[in-house]
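Student: Got a structure for you, written out below as structure tokens; questions coming shortly.
Just so you know, all these numbers are worked out from the coordinates, no wet-lab data involved. All values reported here derive from a predicted model rather than from experimental measurement. In this analysis, Cβ positions are derived from the backbone assuming ideal geometry, glycine residues included, and neighbour counts consider all displayed protein chains.
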């Protein structure tokens, strides 16, 4: 799995990059080595209540997308990971369910 990180209106520190890599490692068993994860972190400084941090995750070729925003970058990362994990788990469950249903059909057709 390849991770591309883009930072807008902020600098990508080594600690932030390491945290993103550690959090995305939890998704490893859902993804193949050729999958690409695009992570975009952005700071909105023109908000009335102060800085707002946006984190977007897009996984290709699966097409999953999740977005979270919070008043802290690390909190936004912590909010977006369960969203994308839920989407990947749902897709995996659908594939397993379909495989089991088709296997059952073929078993009874013989």
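Student: Give me the percent relative contact order of the chain, please, defined on Cα pairs under 8 angstrom at least 6 residues apart. Intermediate results must be reported in sequence, preceding the final value.
Tutor: Numbers: 148 pairs, mean separation 23.0, N = 110.
Relative contact order here is 21 percent.
Student: Using a Förster radius of 35 Å, what is the FRET efficiency between residue 11 and residue 97 based on their Cβ-Cβ separation? Nearest 0.05, please.
Tutor: 0.20
Student: Among bridges DSSP assigns within the stretch 1-65, what percent are antiparallel (round to 5)?
Tutor: 60
Student: Need one word for the stretch 1-96: rounded, prolate or oblate. Basis is the Cα gyration tensor (sqrt eigenvalues a ≥ b ≥ c); a/c below 1.5 gives rounded, then a/b vs b/c decides. Display every interim value, and only then the final one.
Tutor: Numbers: a/c = 2.36, a/b = 1.77, b/c = 1.33.
Judged from the Cα gyration tensor, the stretch 1-96 comes out prolate (a/c at least 1.5, a/b above b/c).
Student: In degrees, nearest 10, range 0 to 90: what is the angle between the Cα axis of helix 14-24 and the longest Cα principal axis of the chain?
Tutor: The angle comes out at about 20 degrees.
Student: Nearest 5 is fine: what % of DSSP beta bridges in the chain come out antiparallel, could you say? The partial results should precede the final answer.
Tutor: Working: 16 of 23 bridges.
Around 70 percent antiparallel, to the nearest 5.
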